[in-house]
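The values are calculated or read from the model by the stated rules, or taken from the named source; none is laboratory data. No experiment lies behind these values; they were computed from the predicted model shown. Here Cβ is always computed from backbone atoms with ideal geometry, including for glycine, and neighbour counts include all displayed protein chains. Each accessible area value is taken on the protein alone, full model and side chains, heavy atoms only, with ligands, DNA and RNA left out. Shrake-Rupley method; radii C 1.70, N 1.55, O 1.52, S 1.80 Å.
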Amino acid sequence: MKRLNLAVTAQIESNTLDYLVERLPVWVSPDLLTLTALLSSIVGGSLYLFVDKNPYFLLAINVCLFVHWFGDSLDGRLARLRKESRPNYGYYIDHIFDSVAAAFFIGVITISSLTITAVWGWVLSLMFLSMIHVFLKTKVNRVFEFSIQQLGPTEARVGLVVLNFLIFFFGNPEFILFEISLKLMDVVGGALAIGFL
């Protein structure tokens with residue numbers, strides 16, 4: 001199956017991953033990287049529930065986003081390098097765990113104190129529709145597109161990291177817009193939902 005990645009970070013990311021994968025210790029297995037990515041998404045996403053009690057959890061979420069990128073990006077690459085790849089199993093596990101990661105990192109924002117509206121639920125739903133679109137298109141065209149236009153999973157992670165830093169340093173102000181109470185995260189979620197549409 002052909003792979004296509006037109007994302008902004010694609011070339012830099014590919015070079016970085018090529019460098020890292022050859023330097024992983026022998027005890028690091030593809031399955032360990034997959035499990036690490038899964039656990040980091042569950043822990044990181046869950047921490048959104050506690051940011052009202054301690055804003056430093058936003059920084060911990062950023063660490064989890066980095067760990068998730070590391071494990072999720074290197075597991076298949078390591079399996080191919082060591083000639084341990086299981087294409088069908090790997091494809092299924094990778095994408096089901098990507099869905100779990102989206103549910104935790106994006107979905108938990110909706111039920112956290114960072115938002116007033118359910119707009120991040122729409123972001124998650126539209127992200128899932130985009131993922132389904134990519135998976136079905138892959139089956140039909142036999143080309144797996146890592147990105148939609150110039151945006152892919154790494155850009156999504158970077159966006160969340162930047163957003164977490166902004167809220168950590170400048171807060172998440174609440175204001176009234178068209179007689180509706182909103183927080184900054186609601187406005188950002190609304191813009192993302194429109195972008196997905």
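One line per residue, one yes/no per condition, for (1) closer than 25 Å to Ser73 by Cα; (2) within 19 Å of the chain's Cα centre (by Cα); (3) part of a helix (DSSP H, G or I):
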residue	(1), (2), (3)
Leu160	yes, yes, yes
Leu163	yes, yes, yes
Leu166	no, yes, yes
Phe169	no, no, yes
Ile176	no, no, no
Ser181	no, no, no
Met185	no, yes, yes
Val188	no, yes, yes
Ala191	no, yes, yes
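Which residue is modelled with the lowest pLDDT, if the candidates are limited to the range 126-154 and must be among the polar types (S, T, N, Q) and surrounded by 15 or more Cβ atoms within 10 Å (Cβ to Cβ)? Only one residue tops the list, namely Ser147.
You will find that of Ile109, Ile116, the residue that is at pLDDT 90 or above, open to solvent by 60 Å² or more (accessible area, probe 1.4 Å), closer than 30 Å to Leu182 by Cβ and in contact with a helix residue (DSSP H, G or I) (Cβ under 8 Å, 6 or more places away or on another chain) is Ile116 and no other.
Comparison of Met127, Met131, Met185 shows that the only residue that is in contact (Cβ under 8 Å) with a residue 24 or more places away in the chain and touching a helix residue (DSSP H, G or I) at 6+ places or on another chain (Cβ under 6 Å) is Met127. Listed by position, the helices (runs of 4 or more DSSP H) inside the range 4-89 whose residues that are farther than 29 Å from Val143 by Cα and open to solvent by less than 30 Å² (accessible area, probe 1.4 Å) number at least 1 are 30-47, 57-81.
Of the residues making up the range 158-183, those that are open to solvent by 60 Å² or more (accessible area, probe 1.4 Å) and of a type in the set (A, V, I, L, M) are Val158, Val162, Leu166, Ile176, Leu177, Ile180.
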